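Chemist: Before we start, here is the structure in question, set down as structure tokens.
The values are calculated or read from the model by the stated rules, or taken from the named source; none is laboratory data. Quick caveat: nothing in here was measured; it's all calculated off a predicted structure. Here the Cβ positions follow ideal geometry from the backbone for every residue, glycine too, while neighbour counts run over all protein chains shown.
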Amino acid sequence: MEFEVKITGYDHQGRGLGRINNKIIFIPNTMINEVVKVRITKDKKNYYEGKVLEFIEKNINRKENICKYYPACGGCNILHLPYQEQLEYKQDKVINILNKYVDTNLNIKSIIPSDKQFNYRNKVTLQTDNNNIGYYNKNSNNLIQIDKCLLLDENLNEYIKTIENKNNKIVLRCNNNKVLDNDSYIIKEIGNYKYKVSLDSFFQINDNVTFKMYEKIKEYVNSTKEDNILDLYCGTGTIGIYVSESANEVLGIEINKKAIKDANENKKINNITNITFISDDVSHVINKIDFKPSIVIVDPPRAGLDEKTIKCIIKMKPKRIVYTSCDPMTLARDLNYFKYYYNIDEITPFDMFPNTYHVECVTLLNIK
Ligand SMILES: C[S@@+](CC[C@H](N)C(=O)[O-])C[C@H]1O[C@@H](n2cnc3c(N)ncnc32)[C@H](O)[C@@H]1O
């Protein structure tokens, strides 16, 4: 069946939303105020999902014909929105989630934009099939062959053209004009620090926004030479090293052994003597460490913090917690634990991933 729907807003995945007989419908690649003819692709108890058959009224600000693989490849979700509208969408998303699930009086700052809307990604994972190279289609494992991707650093796009062996998954990462495709490493520079990164270690995707975000983390950490700082989910030690100058001691914990190997090299490269790293699962080791932090930094994966880790942090009574999150929903869940013991003083969103629905947030919590 076909229906005519007016788009009145967006959901957390950047899909337009409207209503059919009062039941909500989510429709990808639509924009507010557009009127579309849709086919229902999923009929659930409380909502529909739909696909555009025809645009009856288009938003005059819609960006079109930017990428021939959009929206099929699934890498971008909101490429059709002008950048300012993308930023407004992400700002509203953070405000809506945190107001709804945590508190309506939070101090949420304006989102910090990315200087680059395209060519910002320093890493890519490509799939291969039958000597073709590309991304998997959003909803299937069908390969969308690509010659280049607008989100990738130009050095990665140039490198993709030269790949001959198209038989396995291919992971690439770059620094200036060096592209890493094997078991070696590259050196990344953020602010005054140099970081050695292997292909398997986590490193933030967008260098320009990473710099802005690390500066904000440092401002929120606001430490002195007296402070002992615990850096949980520390990756290659980047944030701990970034704040180490104003600290007595820093302890970083990270599960990925290779990342910890990089972190120890990074300590040497940057001549830092007051930082130590432990390779372990945060939730296994946090109640066993002999370290009394005055400040705790956390930067967990999308799933956020587990209950045991939250309880251990609260028990340690640091005067400050600086929480970097890549998912406002799990951030909201975790802030609901902390809020009884800590004031949620400030939240700054960052646009680490332009043209996608993803948004990073850095939150400052001070003990009550
Ligand atoms: C979002 S990244 C942050 C890395 C680092 N703070 C940075 O800015 O580059 C999250 C990190 O948590 C690590 N990780 C995931 N689960 C973990 C766990 N249970 N214990 C310790 N580290 C974990 C991942 O390997 C990854 O390096």
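Chemist: Which ones in the range 96-108 are closer than 28 Å to G75 by Cβ and out of contact with any helix residue (DSSP H, G or I) (no Cβ under 7 Å at 6 or more places or on another chain)?
Modeler: Across the range 96-108, the qualifying residue is only N96.
Chemist: Any residue that is farther than 25 Å from I78 by Cβ, over 22 Å from the mean Cα position of the chain (by Cα), assigned to a loop (DSSP other than H, G, I, E, B) and among the acidic types (D, E) - is there at least one of those in the range 172-186?
Modeler: Yes, because at least one residue in the range 172-186 is farther than 25 Å from I78 by Cβ, over 22 Å from the mean Cα position of the chain (by Cα), assigned to a loop (DSSP other than H, G, I, E, B) and among the acidic types (D, E).
Chemist: If the requirement is being more than 13 Å from the ligand (Cβ to nearest atom) and within 24 Å of K261 (Cα to Cα), which of these qualifies: L180, L150, L156?
Modeler: It is L180.
Chemist: Another question about this same structure. Looking at the range 293-311, I want the residues that are assigned by TED's automatic domain parsing to the domain that holds H358 and on the phi < 0 side of the Ramachandran plot and have a partner that is within 11 Å of the ligand (Cβ to nearest atom) and part of a helix (DSSP H, G or I) with Cβ atoms under 6 Å, at least 6 apart or on another chain. Which pairs are those?
Modeler: What qualifies is I297/I239; D306/S283; K308/S283; T309/V282; T309/S283.
Chemist: Check whether at least one residue in the range 97-106 is within 21 Å of T356 (Cβ to Cβ), in contact (Cβ under 8 Å) with a residue 40 or more places away in the chain and in the same structural domain as P349 (by TED's automatic domain parsing), and report yes or no.
Modeler: yes
Chemist: Follow-up. Residue pairs, Cβ under 6 Å, 6 or more apart or interchain, first in the range 323-342 and under 14 Å from E307 (Cα atoms), second part of a strand (DSSP E or B) and away from the ligand (no atom under 16 Å from the Cβ). List them.
Modeler: Note: pairs meeting the criteria are L335/I344; F338/L365.
Chemist: Do you know which of the residues in the range 287-340 that are farther than 25 Å from E215 by Cα and within 9 Å of the ligand (Cβ to nearest atom) is farthest from the chain's Cα centre (by Cα)?
Modeler: T309
Chemist: Of all the strands (runs of 3 or more DSSP E) wholly in the range 11-86, which have at least 3 residues that are among the aliphatic types (A, V, I, L, M) and within 29 Å of the chain's Cα centre (by Cα)?
Modeler: 23-27
Chemist: Moving to a separate point now. Just checking, which of I25, I20 is buried (at least 21 other Cβ atoms within 10 Å of the Cβ) and outside the structural domain of M352 (by TED's automatic domain parsing)?
Modeler: The conditions single out I25.
Chemist: Which of the residues spanning the range 332-368 are of a type in the set (A, V, I, L, M) and more than 15 Å from I314 (Cα to Cα)?
Modeler: Residues satisfying the conditions are A332, I347, M352, V359, V362.
Chemist: Something else about it: Show the residue pairs meeting these rules: Cβ distance below 8 Å; 6+ apart or different chains; first residue within the range 190-201 and assigned to a loop (DSSP other than H, G, I, E, B); second residue among the aromatic types (F, W, Y).
Modeler: Listed pairs, sorted by first residue: G191/F211; G191/Y214; G191/Y242; L199/Y185.
Chemist: Name the one entry in G75, G50 that is farther than 26 Å from K109 by Cβ, in contact with a strand residue (DSSP E or B) (Cβ under 8 Å, 6 or more places away or on another chain), at pLDDT below 95 and surrounded by 13 or more Cβ atoms within 10 Å (Cβ to Cβ).
Modeler: G75
Chemist: Here are some conditions: (1) more than 27 Å from I347 (Cα to Cα); (2) at pLDDT below 95; (3) surrounded by fewer than 17 Cβ atoms within 10 Å (Cβ to Cβ). K58 meets all but one. Which one does it not meet?
Modeler: (2)
Chemist: Mind checking which residues of the range 202-222 are surrounded by fewer than 17 Cβ atoms within 10 Å (Cβ to Cβ) and free of Cβ contacts under 8 Å to residues at least 40 places away in the same chain?
Modeler: F211, E215, E219
Chemist: Right, here's the next one. If you scan the range 198-213, which residues turn out to be near the ligand (Cβ under 9 Å from one of its atoms) and touching a strand residue (DSSP E or B) at 6+ places or on another chain (Cβ under 6 Å)?
Modeler: F203, T210, M213
Chemist: Separate question: Look at the range 133-158 and say how many of its residues are assigned to a strand (DSSP E or B), under 20 Å from R173 (Cα atoms) and at pLDDT below 95.
Modeler: 5
Chemist: Scan the range 174-217 residue by residue and report those that are at pLDDT below 85 and among the small types (G, A, S).
Modeler: Result: S184, single match.
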